[in-house]
Amino acid sequence: MRVLVAGGTGVIGRQLVPLLRSAGHDVVVLSRPGRSANAAERLGAAVVTGDALDRAAVASAVRSAAPHAIVNMLTAIPPAINPRRLAKDFELTNRLRTEGTRNLLEAARDVGVRRVVAQGLAYAYDPSGSGPADEEAPLWQNPPKQFVPVLAALRDLERQTLSAQGAVLRFGHLYGPGTIYAPDGSFVQQVRGGKVPLVGGGTATFSFTHTRDAASAVVAALDSDYTGVLNIVDDEPAPMHVWLPELADILGAKRPKGAPAALARMAVGGWGVAFMTQLRGADNSRAKRLLDWTPRYPSWRNGFTVELRDAATPTAA
């Protein structure tokens, strides 16, 4: 199958392109000219260039690639995010998820693309439910202000993709090379420095996804005719008060201290507090059953250990 990957040099794309090639697919990456195009070539993929927000450029690139399937991994998420200005930090990503998706799908229809798989988010579920959310659970009904435009863009991406009879893979908190949880990632650096407290008891439940597991799920989805949304997360949703101290232990850092939500709100805003206290986690049963997919890292515990075992903070003499 000839697969066009939009966003093929991102943290998932860098894992996905080699997996697609090893599975026998012919891979083309849609990339902006410059460094991204060079990075795609280093992954062994053919490249078509064009700005995803330029409708004519996307149409031309897709015609040139003539793919059977399109994988939409378009994002432009900063390496470090300020929760107080999340809406600003995600402005470009929101446009890519709305305008970029529209441009891709219009071009896909014009050349007769048979399969579309897009990247969604598994931690946007409404926190009012109990237990890990399955795909029938509603997305956040009244999200914090900073998350409103992000969620609106995600809803639009899902609507467009499902209208095209595609599949949306809702990934959890991504970790692995190039993410904020990598040895040089912004979150890991903050944990090393003791700058991440357990806000309000750390009651948010996180579902993690290693970038390679995200990529393997995309490959499985391309081989499936499933239309709809699927949670692509590991088997062990965990509250922040469980996984954050263990992450600190792996890094050889001090365990996090507690901080009242009211005090933390002054530093990280309403979204930052909600992120640390209200997230629900997600259930992966449907994806495992329908895609015959199993994560290589069934738990963040072994995944973090593998990724960070050589990243411990040096102990002072």
Task: Residue satisfying condition, being within 15 Å of the chain's Cα centre (by Cα), at pLDDT 95 or above and under 21 Å from Val218 (Cα atoms), within set Ala118, Ala164, Ala182 - done: Ala118
Open item on the list: Looking at the stretch 138-164 only, could you name the residues that are farther than 24 Å from Arg102 by Cα and free of Cβ contacts under 8 Å to residues at least 60 places away in the same chain?
Closed with: Gln141, Asn142
Task: Condition check for Trp300: within 27 Å of Ala118 (Cβ to Cβ) and crowded, with 16+ Cβ neighbours inside 10 Å - done: yes
Task: Ala253 hydrophobic (A, V, I, L, M, F, W, C) and either within 22 Å of the chain's Cα centre (by Cα) or at pLDDT below 95 (or both) - done: no
Task: Counted residues, the stretch 103-116 - those being in contact (Cβ under 8 Å) with a residue 24 or more places away in the chain and either surrounded by fewer than 16 Cβ atoms within 10 Å (Cβ to Cβ) or of a type in the set (S, T, N, Q) (or both) - done: 5
Task: Tally of residues being part of a helix (DSSP H, G or I) and surrounded by 13 or more Cβ atoms within 10 Å (Cβ to Cβ) across the stretch 250-262 - done: 3
TODO: Look through Asp310, Asp292, Asp283 and report the one residue that is exposed (fewer than 14 other Cβ atoms within 10 Å of the Cβ), modelled with pLDDT of 95 or more and either touching a strand residue (DSSP E or B) at 6+ places or on another chain (Cβ under 7 Å) or not hydrophobic (A, V, I, L, M, F, W, C) (or both).
DONE: Asp292
TODO: Check Gly129 against each of (1) surrounded by fewer than 22 Cβ atoms within 10 Å (Cβ to Cβ); (2) modelled with pLDDT of 95 or more and name the one condition it does not meet.
DONE: (2)
- [ ] State yes or no: is Tyr226 among the aromatic types (Phe, Trp, Tyr), part of a loop (DSSP other than H, G, I, E, B) and crowded, with 22+ Cβ neighbours inside 10 Å?
- [x] no
Task: Residue that is surrounded by the fewest Cβ atoms within 10 Å (Cβ to Cβ) [pool: residues in the stretch 230-249 that are under 21 Å from Gln278 (Cβ atoms) and of a type in the set (Val, Ile, Thr)] - done: Val242
Open item on the list: What's the total number of residues in the stretch 229-249 that are of a type outside the set (A, V, I, L, M) and in a loop (DSSP other than H, G, I, E, B)?
Closed with: 4
Open item on the list: Where the second residue is assigned to a loop (DSSP other than H, G, I, E, B) and modelled with pLDDT of 95 or more and the first is over 12 Å from Gly281 (Cα atoms) and β-branched (Val, Ile, Thr) and lies in the stretch 117-134, which pairs have Cβ atoms under 7 Å and are six or more apart or on separate chains?
Closed with: Val117/Gly166
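The values are calculated or read from the model by the stated rules, or taken from the named source; none is laboratory data. Because the structure is predicted, anything quoted here is derived from the model rather than measured. Every residue, glycine as well, gets a Cβ built from its backbone with ideal geometry; the counts of neighbours run over all protein chains shown.
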